[in-house]
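Shown next, in structure tokens, is the structure this report addresses.
Here, each number is a calculation from the coordinates, and none is a lab measurement. In this text the structure is predicted, and so the values were computed from the model without any measurement. Glycine gets a Cβ as well: all are built from the backbone with ideal geometry, and neighbour counts include every protein chain shown.
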Amino acid sequence: HLAKSLLAGLAGDVRVSGKTIVVIYYNTPNVERLREHYEHLPERLSAEHVDPHIPWLYGYKLDFRFR
């Protein structure tokens, strides 16, 4: 799976901002490729008319940042 092969084994942390869970990865290889697909995920999903809220995460949205 693409996400598993790109994101497994990376250093990072998890924060909550409002109703969004933000996963922050540090010193990520291929960072531009990941940013293109994962940063601002809730906005990207909404633009495609997909509800970004995840029911099994109590309705929180999930977003990613790469530093």
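If the chain between TYR26 and LEU45 were fully stretched, how many nm would it gain, using 0.36 nm times the residue separation less the Cα-Cα distance? Intermediate results must be reported in sequence, preceding the final value.
On the way: separation 19, 0.36 × 19 = 6.84 nm, distance 2.38 nm.
Stretched fully, the TYR26-LEU45 segment lengthens by 4.5 nm.
Give me LYS19, LYS61 ranked fewest to most by other Cβ atoms within 10 Å of their Cβ, as a rough exposure proxy.
The fewest-first ordering by Cβ neighbours comes to LYS19, LYS61.
Hey, what number do you get for the chain at 222 nm if only DSSP H runs of n ≥ 4 count, each worth -39500 (n - 2.57), divided across all residues, to the nearest 500?
-8000 deg cm²/dmol
How large is the dipole of the chain about the Cα centre if only Lys and Arg carry +1 and Asp and Glu carry -1, each at its Cβ, rounded to the nearest 20 debye?
The dipole magnitude comes to about 180 debye.
Can you tell me the relative contact order of the chain? Whole percent, Cα pairs under 8 Å, sequence separation 6 or more.
37
Using the Karplus curve 6.51 cos²θ - 1.76 cosθ + 1.60 with θ = phi - 60°, what ³J(HN,Hα) values do you get for each residue of segment 46-53, in whole Hz, with x for Gly and Pro?
For segment 46-53, the Karplus curve yields 4, 5, 8, 6, 10, 5, x, 6 Hz.
Give the percent of DSSP beta bridges with both residues in the chain that are antiparallel, rounded to the nearest 5.
50
Assuming 0.890 mPa s and 25 °C, estimate D for the chain with Stokes-Einstein, Rh taken as the Kirkwood radius over Cα pairs, in µm²/s.
196
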